[in-house]
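Step one of this worksheet: look at the structure below.
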Amino acid sequence: MPLSPPGDGKAASRAPGAGRPAHLFDLGGGEALGAFSLPTSYLAVTPARVVRISLLLCLLLVAVALASLFTGTADISIRATLREFFPWASFLSGGLTEAETSIIMSVRLPRIILAAIVGASLSVAGVVFQALLRNPLADPYILGISAGSAVGAVMGILLGVGAWSLGIPGLAFLGALAAILIVFGIAGREKRRETNTLLLTGVMVNAFFNAFILFVFTISDHVQLQRALNWIMGDLSLADEQALFYTSVFLVLGSVFIYAFARPLNLLVTGEETAQQLGVAVEKTRIALLAAAALITAAAVSASGTIGFVGLIIPHILRLLVGPDHRLLIPTAFFTGGAFLVVADTLARCLVAPAELPVGVITALCGAPYFLLLLRRRLRLTS
């Protein structure tokens, strides 16, 4: 059966978001696996509504980025900064010094753009993993995908392939694919995999990869060790034009590809048998979406290191707010994930100024308690 993204009218009418689900995810027996109860119905998902909400969230991302641009240890005039970007605006007086221009254009702006790209990448990937596993606890970090990418990136640093344009991203992508193969291979090849088994396997694979990284640290020299540590803690300070280019390309292409499968994703959430009966090539679709999610995760990790819990928090909160229909969920996760990581990175820059926290510390402080809350409520619902 050919793999085709769009579904027919019947498929769309049965997709989540059409008033069907009472919980985040339902299994065939009607058991609620979500951590929170959802409203029994949502507003209909129309192209106009998707565009309207996406534009509002895009404006939110721009506003957050501008606020981050003017926030930092260096006291830089907002009017002078706006004059730098809009030289034709005669009502804006003053200008930036050479040092201030360097701070804005070479330090803050690339970092903000990379934070938005990485946040969007991890959030969209989290949407895919949660939908395919039908579990709100799944994300690239918890499933070991980020750790697999980090192993590839660290090996690239040790092998000195950073001089190649796609050397480290390529190895990070291979590491992400290896993590997926290991997790699904260990969890079993049966048609109906237990999501708990997959999650536990992901946690163990994550621990193994982290142990391997620590081993690599012990045999690295000081320069390699310092650079590798930046990957592990999550660091956006090394943003450059090359990183911005390839991460944005992978994000745009991967997100467009994933969005093309929004309706099949809706059907997969209702159950694999239902999706297959409605014309979805289940296994091919799963493989294609897993590969796309791994691609954008690998690109993000290769530029920023392992930043956890973004793909857990944002998709789950948005499902509660806008509903589980992926035609709306994917674009909202794109913009909200970017805005979230920009805020987190701004806090990382400013909380202990003039020192700086790794952005992964901020996301972990937000995500770890949220994960435990989800797990506690999920166990209460399934007990």
Unmet requirement for residue 289, which otherwise passes all of (1) in contact with a Leu (Cβ under 8 Å, 6 or more places away or on another chain); (2) part of a loop (DSSP other than H, G, I, E, B); (3) closer than 28 Å to residue 246 by Cβ = (2)
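Listed here are the residues, each with its yes/no results for (1) at pLDDT 85 or above; (2) of a type outside the set (Val, Ile, Thr).
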| site | (1), (2) |
| --- | --- |
| 303 | no, yes |
| 346 | yes, no |
| 358 | yes, yes |
| 363 | yes, no |
How many residues of segment 96-140 are within 30 Å of residue 261 (Cβ to Cβ) and part of a loop (DSSP other than H, G, I, E, B)? The answer is 7
Output the number of residues of segment 43-71 satisfying the condition of being of a type in the set (Lys, Arg) and in contact (Cβ under 8 Å) with a residue 24 or more places away in the chain.
-> 1
Test set (1) more than 25 Å from residue 47 (Cα to Cα); (2) assigned to a helix (DSSP H, G or I); (3) at pLDDT 85 or above; (4) in contact with an Asp or Glu (Cβ under 9 Å, 6 or more places away or on another chain) - residue 266 fails condition number | (1)
So, first residue at pLDDT 75 or above and hydroxyl-bearing (Ser, Thr, Tyr) in segment 369-382, second residue surrounded by 11 or more Cβ atoms within 10 Å (Cβ to Cβ) and in a helix (DSSP H, G or I), Cβ within less than 9 Å, six or more apart or across chains; the pairs are 370/312; 370/313; 370/316; 370/317
Those residues of segment 34-85 which are hydrophobic (A, V, I, L, M, F, W, C), over 24 Å from the mean Cα position of the chain (by Cα) and either part of a helix (DSSP H, G or I) or modelled with pLDDT under 80 (or both), in sequence order = 43, 48, 74, 76, 78, 80, 82, 85
Within segment 203-240, which residues are among the small types (Gly, Ala, Ser) and out of contact with any helix residue (DSSP H, G or I) (no Cβ under 9 Å at 6 or more places or on another chain)?
-> 211
Kindly indicate whether any position in segment 312-325 is in a loop (DSSP other than H, G, I, E, B), modelled with pLDDT of 90 or more and buried (at least 24 other Cβ atoms within 10 Å of the Cβ).
-> yes
(1) within 25 Å of residue 371 (Cα to Cα); (2) crowded, with 19+ Cβ neighbours inside 10 Å; (3) at pLDDT below 95: which one isn't true of residue 31, the others all being true?
-> (2)
Which ones in segment 154-164 are touching a helix residue (DSSP H, G or I) at 6+ places or on another chain (Cβ under 7 Å) and at pLDDT below 80?
-> 157, 158, 161, 162
Hey, among 300, 275, which residue is among the small types (Gly, Ala, Ser), part of a helix (DSSP H, G or I), closer than 15 Å to residue 326 by Cβ and touching a helix residue (DSSP H, G or I) at 6+ places or on another chain (Cβ under 9 Å)?
-> 275
Candidate set: segment 200-216, residues that are over 14 Å from residue 232 (Cα atoms) and surrounded by 20 or more Cβ atoms within 10 Å (Cβ to Cβ); chosen: the one modelled with the highest pLDDT = 205
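The values are calculated or read from the model by the stated rules, or taken from the named source; none is laboratory data. Model, not experiment: these values are computed from the prediction. Neighbour counts are summed over all protein chains in view; Cβ atoms, including those assigned to glycine, are modelled from backbone coordinates with ideal geometry.
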